[in-house]
1. Is segment 116-128 home to any residue that is modelled with pLDDT under 95 and over 20 Å from residue 54 (Cβ atoms)?
2. List the strands (runs of 3 or more DSSP E) inside segment 161-234, counting only whole elements, that have at least 1 residues being within 19 Å of the chain's Cα centre (by Cα), modelled with pLDDT of 95 or more and not small (Gly, Ala, Ser).
3. Please enumerate the residues belonging to segment 138-177 that are touching a residue at least 24 places away in the same chain (Cβ under 8 Å), among the small types (Gly, Ala, Ser) and surrounded by fewer than 19 Cβ atoms within 10 Å (Cβ to Cβ).
4. When you check residue 61 against the structure, is it out of contact with any Asp or Glu (no Cβ under 9 Å at 6 or more places or on another chain), surrounded by 15 or more Cβ atoms within 10 Å (Cβ to Cβ), under 30 Å from residue 333 (Cα atoms) and among the polar types (S, T, N, Q), yes or no?
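The values are calculated or read from the model by the stated rules, or taken from the named source; none is laboratory data. Worth saying up front: this structure is predicted, and the values here are computed from it rather than measured. Don't worry about glycine lacking a Cβ; one is built from the backbone with ideal geometry, like all the others, and counts go over all protein chains shown.
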Amino acid sequence: MKGAGIETRVGGQICATTVALLAVLSALLLTAPSAAAPRGAVQNPELALAWLAPTPADGKTYTIAVGSRLSLELAAGAKGGATHIWASGLTVGAALNAKVGAPARAELDWTPTGAQLGTHVFVFVAASESDRVATQPRAIFVQVVPATPPAAGEVTPIGTNGVYRWAYVLERTSARARPRSSSRVVTHLNVFTGDSTVNLVLLLARATDAKGRVWYRVRLPIRPNNSTGWVRAADLTATRALTTYLVVYRKLFTATLYRNGRPIFRTRIGVGKPYWPTPTGDFYIREVLTGFGDPFYGPVAFGTSARSAVLTDWEGGGGVIGIHGTNSPQILPGRVSHGCIRMRNPSIVRLLRLMPLGTPLAIR
């Protein structure tokens, strides 16, 4: 994988050029000073602050029609001091009205538009005034559906019932800006990735063109991050379903896996340094790699569709963001990598058992 945190491998061997560069990067990681953490982004707080009623449960899913209003109340408190609440991943039009206090309170208000069909992941956190104690991040899933059943040929979102779908690329194909063959090409998708694994895409929506051909809007593993395009269903394999969703929260160094809207796995992690940031956005798990000869990456690495916006000059323009283990667990949690997400080896092994290929990924 030509990546920000996973080296190029050919037949299980490590690319020598990449190893040399990694050695330099590793030295920098051990010597570079940490940037000062802004308010609400503390270095390594204790996650012991409590959420209070009426805060929704972690992983709570709401289904809301276009044009309808979503209003949620949150509260959190700590003994002997005021707290504050903030949110990450809010989409256009969504507002969080927060009040500092003991307890702190906040209200989310959002009326989605027709351009916002699909799944949205909002992450909420509360912290003490000193930012030394915080809550566990609380993710809320909002499924935006059409106000009326889509007519024939109209775009139908995929995943708004909590069942997400992906498919392998069957043959080299073009991803287009709109679901028709005459539309502009966004990128080309190959059958294999740079690691010789079969390429796959996460499906976001379905449409039928004037000739009756089915198209899928898919998430694309390219820069800029969060790019999407339309691919003919005929160029993909049969779709596969899953109900898992991985949410990474960079500010508090946590990763949580949800299944059917319930958290089933949580761990502390390492993320990118400020000058090699882990990108935010919506992605998916694109490949699974094991059998590394180098203990730096631990026993398993997941390749994602995310790309580093900084490390763009690697062989092949890589910068792929990976999720992998480490042979230096003492450095976690914290800002320790050049973009990838690091976990302790027991955690990454457990995640391998719980998280299937194709799982959607939100980095906030």
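1. yes
2. 164-168, 200-208, 214-219, 228-232
3. Correct list: 147, 152, 153, 162, 174, 177.
4. In short, yes.
Quick grid of which residues meet (1) in contact (Cβ under 8 Å) with a residue 12 or more places away in the chain; (2) within 29 Å of residue 86 (Cα to Cα); (3) out of contact with any Ser or Thr (no Cβ under 7 Å at 6 or more places or on another chain):
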residue	(1), (2), (3)
198	yes, no, yes
219	yes, yes, no
228	yes, yes, yes
263	yes, yes, no
279	yes, yes, no
282	yes, yes, yes
288	yes, no, yes
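Matching residues to (1) part of a strand (DSSP E or B); (2) under 22 Å from residue 263 (Cα atoms); (3) touching a residue at least 40 places away in the same chain (Cβ under 8 Å):
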| position | (1), (2), (3) |
| --- | --- |
| 54 | no, yes, no |
| 59 | no, yes, yes |
| 63 | yes, yes, yes |
| 75 | yes, yes, no |
| 86 | yes, yes, yes |
| 121 | yes, yes, yes |
| 127 | yes, yes, yes |
| 131 | no, no, yes |
